[in-house]
Amino acid sequence: MSRPEPKSLTVRWWHLRRVQGFSLVELLMVVVVTTLGFVALLNMQMATLRGLAHAKHMAEGTNLAENFIEQLRLEFMSWTDLPGQGLDGSGTFPHIKDLVVGGGVTPGAQATGDVLGAPGWMRAGPSSGEDRRVSRVGPGNTLGFNNGIRQAMIQPGFEGSDKPYCMHYRLTWLVPNRAIRVEVEVSWPLANANMNKFMLCDTLASADLGQARSVTLTSSLGMNVFER
């Protein structure tokens, strides 16, 4: 009668393991690996949320810049360059009033700006007050010719608080007294931004990338020669 084969060392070790259980070191390793997995998932989720917020700001900032460019287009097309018709801020030309017109204009000349360290750049928000941010659909409480668009789009009751953006623009003559180049920057603060400083809108986002992000659009506007 043949003798039974002895159990292999692996089988004996596994039988021993079942009897003894798991050591404290192995349990700690399981806890560490599980914790690292949860942390990685949490970081991925946070990165996704930040990406969605950035995309939302990009879309809203782009819409705001496009709407403002159309406002500037309406203003510039209302100017006919007739003798005695200058640019003033009395209501018809509130945003292009600082353009120099007449015989002394040269290509590349820019409107006088009010943003420190950024020649030619101007704030599109309120001209006075500590908070110069704009709403999602326009500067201040009205949008000039586009006031109807603003009233249709803005959330009722949130006109004063729904103001997360700074908006700046620059006007440059391409063809003197005929065509201008428009640049519009819309910026929003990051989580670590100094909000008291950001609300002043006195710097471009490109000069302070550690606290703000922005989207910039450009366009060329021509004068309406048919109304001359």
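Fewest first, what order do 188, 79 take by the number of other Cβ atoms within 10 Å? List each step's numbers first, then the result.
Values: 188 22, 79 19.
Ranking 188, 79 by Cβ neighbours within 10 Å, fewest first, gives 79, 188.
Please arrange 29, 77 by how many other C-beta atoms lie within 10 Å of their C-beta, fewest to most. It would help to have the intermediate numbers written out before the result.
Numbers: 29 12, 77 15.
Lowest count first: 29, 77.
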*asked:* Which order do the peptides 202-210, 116-124, 167-175 come out in when sorted by mean C-beta neighbours inside 10 angstrom, highest first?
replied: 167-175, 116-124, 202-210
*Say each of residue 181 and residue 112 gets a label point 7 Å from the Cα, pointing the same way as Cα to Cβ; how far apart are those two points in nm?*
2.3
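Can you give the extra length, in nm with one decimal, that the chain gains between residue 219 and residue 194 once fully stretched, where that is 0.36 nm per residue apart less the Cα-Cα distance?
Values: separation 25, 0.36 × 25 = 9.00 nm, distance 3.11 nm.
This chain segment gains 5.9 nm when fully extended.
May I ask you to derive the FRET efficiency for residue 41 and residue 174 from their Cβ-Cβ distance with R0 = 41 Å, giving the value to the nearest 0.05?
On the way: r = 52 Å, r/R0 = 1.28.
E(calc), rounded to 0.05, equals 0.20.
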*How long, wide and thick is the stretch 170-228, going by the Cα atoms along their three principal axes, in whole angstroms, largest first?*
51, 16, 15
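Each reported figure results from applying straightforward, stated rules to the coordinates on display, with no laboratory input. Bear in mind the structure is a predicted one, so any value in this text is a computation, not a measurement. All Cβ positions, even for glycine, are placed from backbone atoms using ideal geometry, and neighbour counts span all protein chains on display.
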